[in-house]
Amino acid sequence: MNQLRWDPTLREWVAYATHRQERTFLPPAEYCPLCPTKPGGFPTEVPRESYEIAVFENKFPSFAPNAPAPEEPGTSLTPTAPGRGICEVVLYSDDHAATLATMGERRIHNLIRVWTDRYEELGSLDFVDYVFIFENKGEAIGVTLHHPHGQIYGYTFIPPRPAKELEAAREYRKQNYERCLHCDLLSQEHEDGRRILIGGEHFTAFIPFYAHFPFEAHVYSRRCAPSIADLGAEERSDLASVLKRLLVGYDSLFGFSLPYMMVMHQAPTDGGDYDGVAHFHIEFYPPNRTADKLKYLAGSETGAGAFIMDVLPERTAETLRGKIEAR
Ligand SMILES: [Zn+2]
Ligand SMILES: [Zn+2]
Ligand SMILES: [Zn+2]
């Protein structure tokens, strides 16, 4: 059911999980499988009347911890591998209508502690080389369930995008007297100031100089912390506050709850040394260009890997900062 196939032209794995075709698709709110189980009601994924934050294994996983050897043997040119890994679902709240933006800072802070716990626990498994914490939000991103939730994948390999970033940071460090690429990018953003959205005590939110989406925002730890597990209590509180302000700002951009992909980049858990190479940060990619226009990954973006943007990050940062400051 779960297998990996190697693409030798891009040198990356593609995961196949055929049973995912049958997963629940946008059920009506009263049949939400992520809501608490009501007394006398149908049993949901959470057999309790209420909950704060819940984590469980995805029922329709892209990877499985005990994935068998694939039936398709592949060749030396295009090998296959078991689709081994972990897929967890993180429920942010038992309130079906909530979103991260509408939640209190205290809950977001608790969620950060849950993410930290999962990063440490999944990362300690010998077959998990990369813990990827993310959220797909909104139908524009293709979510199948509206209930506020995120996901965590434990990959048996470092996925291409973080791998590319880590390679760039390692190379930069070598050529620049052991400096951290992300620390330098962050100081450059602070010096320039035009794309800064929120300057917290321990975290900064900004639209990067080279944003790939109009309202792409990055949230960087100001200290060179390799992973979420390296954050102290004050840093976690500040992260909760910066996230809350950014998300409230996002929702006031167009007057509706903004769809986005949220992803975390941090140190792999493969036993390597990532000090000064991995620098914990969160990236948000909202697909909206305007209230009713989406940025599609079309020919140039998908087939050439070259992003074309029609608005400068300085402009979108000004707009979004205005919304954040008005709140
Ligand atoms: Zn629900
Ligand atoms: Zn750094
Ligand atoms: Zn990144």
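Quick test for you: out of Ala326, Ala278, pick the one residue that is closer than 28 Å to Met103 by Cβ, within 16 Å of ligand 3 (Cβ to nearest atom) and of a type in the set (A, V, I, L, M, F, W, C).
Working: Ala326 fails: within 16 Å of ligand 3 (Cβ to nearest atom).
So the residue among Ala326, Ala278 that is closer than 28 Å to Met103 by Cβ, within 16 Å of ligand 3 (Cβ to nearest atom) and of a type in the set (A, V, I, L, M, F, W, C) is Ala278.
Can you list the strands (runs of 3 or more DSSP E) lying wholly within the stretch 6-118 that have 1 or more residues being of a type in the set (A, V, I, L, M) and within 30 Å of Ala233 (Cβ to Cβ)?
Numbers: elements: 12-17, 54-57, 80-82, 85-91.
Where strands (runs of 3 or more DSSP E) fall fully within the stretch 6-118 and carry at least 1 residues being of a type in the set (A, V, I, L, M) and within 30 Å of Ala233 (Cβ to Cβ), they are 54-57, 85-91.
Which residue pairs have Cβ atoms closer than 7 Å, lie 6 or more positions apart in sequence or on different chains, and pair a first residue in the stretch 296-319 that is open to solvent by 100 Å² or more (accessible area, probe 1.4 Å) with a second residue that is outside any loop (DSSP other than H, G, I, E, B)?
Going by the 7 Å Cβ cut-off, the qualifying pairs are Ile308/Ser300.
Do the conditions hold for Glu52, that is, is it open to solvent by 80 Å² or more (accessible area, probe 1.4 Å) and acidic (Asp, Glu)?
Working: open to solvent by 80 Å² or more (accessible area, probe 1.4 Å): yes; acidic (Asp, Glu): yes.
Yes; evaluated as a whole, the condition is true for this residue.
Here is a yes/no grid of residues against (1) among the hydrophobic types (A, V, I, L, M, F, W, C); (2) in a helix (DSSP H, G or I):
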| site | (1), (2) |
| --- | --- |
| Phe134 | yes, no |
| Leu145 | yes, no |
| Tyr153 | no, no |
| Arg161 | no, yes |
| Glu165 | no, yes |
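I need the full set of residues from the stretch 169-186 which are in a helix (DSSP H, G or I), more than 15 Å from Ala225 (Cα to Cα) and either of a type in the set (Lys, Arg) or open to solvent by less than 50 Å² (accessible area, probe 1.4 Å) (or both), in order please. Outline the logic, then answer.
If we filter the stretch 169-186 for residues that are in a helix (DSSP H, G or I), which is where we start, we get 169-175, 181-186.
Then drop every residue that is not more than 15 Å from Ala225 (Cα to Cα), which leaves 170-175.
Correct list: Arg170, Arg173, Lys174.
Go through Gly276, Gly271 for me and flag whichever is closer than 21 Å to Tyr119 by Cβ, open to solvent by 20 Å² or more (accessible area, probe 1.4 Å), out of contact with any Leu (no Cβ under 7 Å at 6 or more places or on another chain) and not in a helix (DSSP H, G or I). Explain how you work it out, then say what you get.
Details: Gly276 fails: open to solvent by 20 Å² or more (accessible area, probe 1.4 Å).
Testing whether each residue is closer than 21 Å to Tyr119 by Cβ, open to solvent by 20 Å² or more (accessible area, probe 1.4 Å), out of contact with any Leu (no Cβ under 7 Å at 6 or more places or on another chain) and not in a helix (DSSP H, G or I) leaves just Gly271.
Could you grab the pairs with beta carbons closer than 8 Å, sequence gap of 6+ or different chains, first residue in the stretch 147-164 and away from ligand 3 (no atom under 16 Å from the Cβ), second one of a type in the set (Lys, Arg)?
Within 8 Å, the pairs are Ile152/Arg118; Thr156/Arg84.
Return only the number of the condition from (1) in contact with a strand residue (DSSP E or B) (Cβ under 9 Å, 6 or more places away or on another chain); (2) loosely packed, with under 14 Cβ neighbours inside 10 Å; (3) basic (Lys, Arg) that Lys164 does not satisfy.
Only one criterion in (1) in contact with a strand residue (DSSP E or B) (Cβ under 9 Å, 6 or more places away or on another chain); (2) loosely packed, with under 14 Cβ neighbours inside 10 Å; (3) basic (Lys, Arg) is unmet by Lys164, namely (1).
Determine which member of the set Val143, Val131 is within 16 Å of ligand 3 (Cβ to nearest atom) and aliphatic (A, V, I, L, M). Please lay out each step first, then the result.
Working: Val143 fails: within 16 Å of ligand 3 (Cβ to nearest atom).
Sole residue among the options that is within 16 Å of ligand 3 (Cβ to nearest atom) and aliphatic (A, V, I, L, M): Val131.
Can you name every residue in the stretch 279-293 that is open to solvent by 10 Å² or more (accessible area, probe 1.4 Å) and outside any loop (DSSP other than H, G, I, E, B)?
Tyr285
Counting only residues that are closer than 20 Å to Thr156 by Cα and open to solvent by 60 Å² or more (accessible area, probe 1.4 Å), which one in the stretch 15-49 is nearest to ligand 2 (Cβ to nearest atom)?
Top of the filtered list is Tyr16.
Being surrounded by 21 or more Cβ atoms within 10 Å (Cβ to Cβ) and assigned to a helix (DSSP H, G or I) is the filter here, so list the residues in the stretch 223-235 that pass it.
Ile228, Glu235
Does Tyr296 qualify as being within 16 Å of ligand 3 (Cβ to nearest atom), assigned to a loop (DSSP other than H, G, I, E, B) and more than 16 Å from the chain's Cα centre (by Cα)?
Details: within 16 Å of ligand 3 (Cβ to nearest atom): no; assigned to a loop (DSSP other than H, G, I, E, B): yes; more than 16 Å from the chain's Cα centre (by Cα): yes.
For Tyr296, the condition - within 16 Å of ligand 3 (Cβ to nearest atom), assigned to a loop (DSSP other than H, G, I, E, B) and more than 16 Å from the chain's Cα centre (by Cα) - is not met.
Exactly one condition in (1) closer than 14 Å to Ile198 by Cβ; (2) within 16 Å of ligand 2 (Cβ to nearest atom); (3) out of contact with any strand residue (DSSP E or B) (no Cβ under 7 Å at 6 or more places or on another chain); (4) of a type outside the set (Phe, Trp, Tyr) is not met by Glu325; state its number.
(2)
Within the stretch 133-157, how many residues turn out to be hydrophobic (A, V, I, L, M, F, W, C), under 22 Å from Arg84 (Cβ atoms) and surrounded by fewer than 19 Cβ atoms within 10 Å (Cβ to Cβ)?
Restricting attention to the stretch 133-157, the residues satisfying the condition of being hydrophobic (A, V, I, L, M, F, W, C) are 133-134, 140-141, 143, 145, 152, 157.
Applying the additional criterion that residues be under 22 Å from Arg84 (Cβ atoms) yields 133-134, 152, 157.
Checking which are surrounded by fewer than 19 Cβ atoms within 10 Å (Cβ to Cβ) leaves us with 134, 157.
The total comes to 2.
What residue, of Glu216, Glu189, is surrounded by 20 or more Cβ atoms within 10 Å (Cβ to Cβ), within 20 Å of the chain's Cα centre (by Cα) and charged (D, E, K, R)?
On the way: Glu189 fails: within 20 Å of the chain's Cα centre (by Cα).
Exactly one residue qualifies, and that residue is Glu216.
The values are calculated or read from the model by the stated rules, or taken from the named source; none is laboratory data. This is a predicted model, so every value here is computed, not measured. All Cβ positions, even for glycine, are placed from backbone atoms using ideal geometry, and neighbour counts span all protein chains on display. Surface areas here come from the heavy atoms of the whole protein model, side chains and all, with no ligands, DNA or RNA. Shrake-Rupley method; radii C 1.70, N 1.55, O 1.52, S 1.80 Å.
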